[in-house]
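Everything on this sheet refers to the single structure shown next.
The values are calculated or read from the model by the stated rules, or taken from the named source; none is laboratory data. The structure presented is a predicted model; accordingly, all values stated were derived computationally and were not measured. Positions of Cβ are generated from backbone atoms using ideal geometry, with glycine treated the same way; all protein chains shown enter the neighbour counts.
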Amino acid sequence: MINPAHIHDSNHSSKERHKRDFEFLADRLDQQGIDIEQVVRQLAEFEVAIPSWALGTGGTRFGRFPGGGEPRSIFEKMEDIAVVQSLVRSTPRVSLHIPWDEPDDPQALLDFALEMHLGFDAVNSNTFQDQPDQPHSYKFGSLCHTEAAVRQQAIEHHLHVIEVGKQLGSNAITVWLADGSNFPGQSHLRKSFERTRDSLIDIYSHLPDDWRLFTEHKPYEPAFYSTVVQDWGSSLMLAQAMGERASCLVDLGHHLPNANIEQIVARLITAGKLGGFHFNDSKYGDDDLTTGSIHPYQLFLVFNELIDAQNDGALTEAPAYMIDQSHNLKDPIEALLQSVMELQQACARALLVDRTFLSGYQEENDVLMAEMTLKEAYETDVRPLVREMRIRKGGSVNPINTFRLSGYRNKVKEVRTASSSYVPPQSL
C-alpha cells in the first residue's frame with residue numbers, strides 16, 4: 001500500500017494553492033446561497049465499487065498489450081484496489097467476478113480484505129463463456145437455452161455465486177447475460193425471453209432475505225441480431241416478474257448510439273426499479289472507455305437525475321455504483337483513479353444545481369433559463385471542493401500525481417515478476 005506519509009507530503013506541497021482555491025470557491029458559492037460545507041459532507045458519502053477484473057490491462061478482439069506489474073491473483077488485485085482507495089477515498093468495496101476471481105478460501109480473502117480496509121459489493125456471474133470441465137456449453141445461450149439441462153447448469157452457477165458472496169459479506173448479485181441470436185429465425189424471440197424469465201425467478205427464489213438481484217441489459221454483442229435482455233424495458237419486465245428485491249442495472253455503454261440515458265434513469269426511478277450503475281464511457285458502442293472521457297456532460301445529467309430524485313424522496317436507497325471499464329492503453333490503476341475523480345466531480349456539480357430555480361423555470365416553461373441553470377452548475381470548477389473532500393478523508397489532492405511519485409508501479413513490477421507465488425503487500 002502507499003505510505004500515508006507519502007500522501008501527506010504530496011498534499012503539503014499543494015496546501016497553500018488548494019487553500020486559496022477552496023476559499024475562492026466557497027466565497028462564490030456562498031454568494032449563490034450554497035453552503036459548501038454541506039456539499040462536502042454530501043459528496044463524502046458517495047462511494048463506487050471497483051470490479052476485480054479492472055486491475056489488469058484490457059484488450060480488444062484484435063489484441064492485448066499487457067503492462068508490467070499486473071496482479072497475478074485476487075490478493076494482488078486487492079492490493080491495487082487498496083491503493084486506489086487510499087488516494088481517492090470513495091472506493092471501499094470490491095465487486096468480485098465468479099469464476100475469474102473466485103477464491104479457493106473465501107474466509108482467507110475476507111480476512112485479507114479487512115486488513116486492506118476493504119469490503120465486498122455485488123458479486124458477478126459468468127455464463128457468457130464455457131469453463132473447463134463444464135458439462136454443457138453456452139454456445140447457444142444459458143438461462144434462455146432450449147435444453148433444460150443447460151438452463152439448470154446456469155441456474156446452479158448463479159446459486160454458487162450467491163453462496164460465495166454470502167461468505168464474503170456481499171448482499172447482491174449482478175446478472176448480465178450474453179444470451180441471444182445472430183440470425184433471423186435462429187431462436188424463438190418470445191420463448192427465449194420467457195425461459196430467461198422463468199430461470200431468473202428460480203434464482204431469485206433462492207436469494208437471501210437481505211440480498212438484491214440486478215439485471216443488466218445490453219442491445220448487442222456478442223449476439224448481433226437479437227439479445228434476450230436487450231434494453232431497459234426488458235430488464236424492467238424481468239425485475240418486475242421476480243419481485244421487490246430485483247431491480248435494473250444501467251451500464252452507460254449498454255445503449256444504442258444517442259440514447260437518452262438520463263431519461264432511462266428517470267423512468268426506472270419512477271418504476272422503483274433503479275438498482276445500480278456500471279460506469280464507463282463510449283463513442284460508438286460498448287467501448288468500455290474511461291468514465292467521463294467522451295460524454296462528461298451526460299455523466300453530469302445522470303447524476304442530476306439521481307440528486308433530484310434523492311431530494312424529492314423518489315429514490316430512498318442509494319443505487320449500487322460500480323466502475324466497469326477495460327483499459328487497453330492506460331495504466332489500469334491510473335485509469336481507475338481518473339474515473340473516480342470524474343465521478344466525484346460529476347456528483348459535486350449535480351449537488352450545486354439550484355433546484356428551486358430549475359423547478360421554477362420548468363414550471364414556467366422557460367426553456368433557456370432552465371438549461372442555463374444546469375449549465376451554471378456544470379461549468380463550475382468543482383475540483384477544489386472535491387480535493388477538500390479527499391483531504392478530509394485522508395486522500396490525495398492529486399491522486400494520479402501522488403501515485404506516480406510513490407513508485408508503486410515500478411515496485412510491483414519487481415515483486416510480481418520475481419515470483420509466481422503470492423507476495424504479501426509492502427508499504428511504499
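Points worth noting:
- Whichever residue in the stretch 375-394 is of a type outside the set (A, V, I, L, M) and crowded, with 22+ Cβ neighbours inside 10 Å and, among such residues, is nearest to I36 (Cα to Cα): E388
- From R89, R93, residue being surrounded by fewer than 24 Cβ atoms within 10 Å (Cβ to Cβ) and under 13 Å from the mean Cα position of the chain (by Cα): R93
- Contact map, the stretch 97-112: first residue in contact (Cβ under 8 Å) with a residue 40 or more places away in the chain, second residue part of a loop (DSSP other than H, G, I, E, B) and surrounded by fewer than 18 Cβ atoms within 10 Å (Cβ to Cβ), Cβ cut-off under 9 Å, separation 6 or more or different chains; pairs are D101/S73; L110/G169.
- Only one of the listed residues (H158, H136, H117, H145) is within 26 Å of L252 (Cβ to Cβ), outside any strand (DSSP E or B) and not aliphatic (A, V, I, L, M). That residue is H158.
- Only one entry in E334, E305, E317, E342 is without any contact (Cβ under 8 Å) to a residue 12 or more places away in the chain, within 18 Å of the chain's Cα centre (by Cα) and closer than 24 Å to P51 by Cβ, namely E317.
- Condition check for D251: more than 20 Å from I173 (Cβ to Cβ) and among the acidic types (D, E): no
- Filter result for Y225 (touching a strand residue (DSSP E or B) at 6+ places or on another chain (Cβ under 6 Å), within 21 Å of K139 (Cβ to Cβ) and either at pLDDT 95 or above or not polar (S, T, N, Q) (or both)): yes
- Some residue of the stretch 194-202 being in contact with a helix residue (DSSP H, G or I) (Cβ under 8 Å, 6 or more places away or on another chain), among the aliphatic types (A, V, I, L, M) and outside any helix (DSSP H, G or I): no
- Test result for E79, touching a Pro at 6+ places or on another chain (Cβ under 6 Å) and more than 18 Å from K330 (Cα to Cα): yes
- Applying the criterion of being β-branched (V, I, T) and within 19 Å of the chain's Cα centre (by Cα) to the residues of the stretch 231-289, the residue that is surrounded by the fewest Cβ atoms within 10 Å (Cβ to Cβ) is I269.
- The residue list A44, A49 contains one member that is closer than 22 Å to L351 by Cα and in contact with a strand residue (DSSP E or B) (Cβ under 6 Å, 6 or more places away or on another chain), which is A49.
- Residues (crowded, with 17+ Cβ neighbours inside 10 Å, over 17 Å from the mean Cα position of the chain (by Cα) and either hydrophobic (A, V, I, L, M, F, W, C) or not in a loop (DSSP other than H, G, I, E, B) (or both)) located in the stretch 44-82: I74, F75, E76, E79
- Of residues in the stretch 162-193 being outside any loop (DSSP other than H, G, I, E, B) and of a type in the set (G, A, S), the one nearest to Q107 (Cα to Cα): G165
- Single residue of the stretch 113-125 satisfying the filter (among the aliphatic types (A, V, I, L, M) and in contact (Cβ under 8 Å) with a residue 60 or more places away in the chain) that is surrounded by the most Cβ atoms within 10 Å (Cβ to Cβ): A122
- Residues located in the stretch 90-114, provided they are aromatic (F, W, Y) and either under 22 Å from R390 (Cα atoms) or not in a loop (DSSP other than H, G, I, E, B) (or both): F112
- Residue within the stretch 149-168 that is within 21 Å of S247 (Cα to Cα), at pLDDT 95 or above and among the polar types (S, T, N, Q) present: no
- Taking every residue in the stretch 361-378 that is without any contact (Cβ under 8 Å) to a residue 24 or more places away in the chain and pairing it with any residue that is of a type in the set (A, V, I, L, M, F, W, C) and not in a helix (DSSP H, G or I), at least 6 positions away or on another chain, the pairs with Cβ-Cβ distances below 7 Å are T373/V353.
- The set of residues in the stretch 286-314 that are assigned to a loop (DSSP other than H, G, I, E, B) and within 29 Å of K330 (Cα to Cα) comprises D286, D287, D288, T290, T291, G292, S293, I294, H295.
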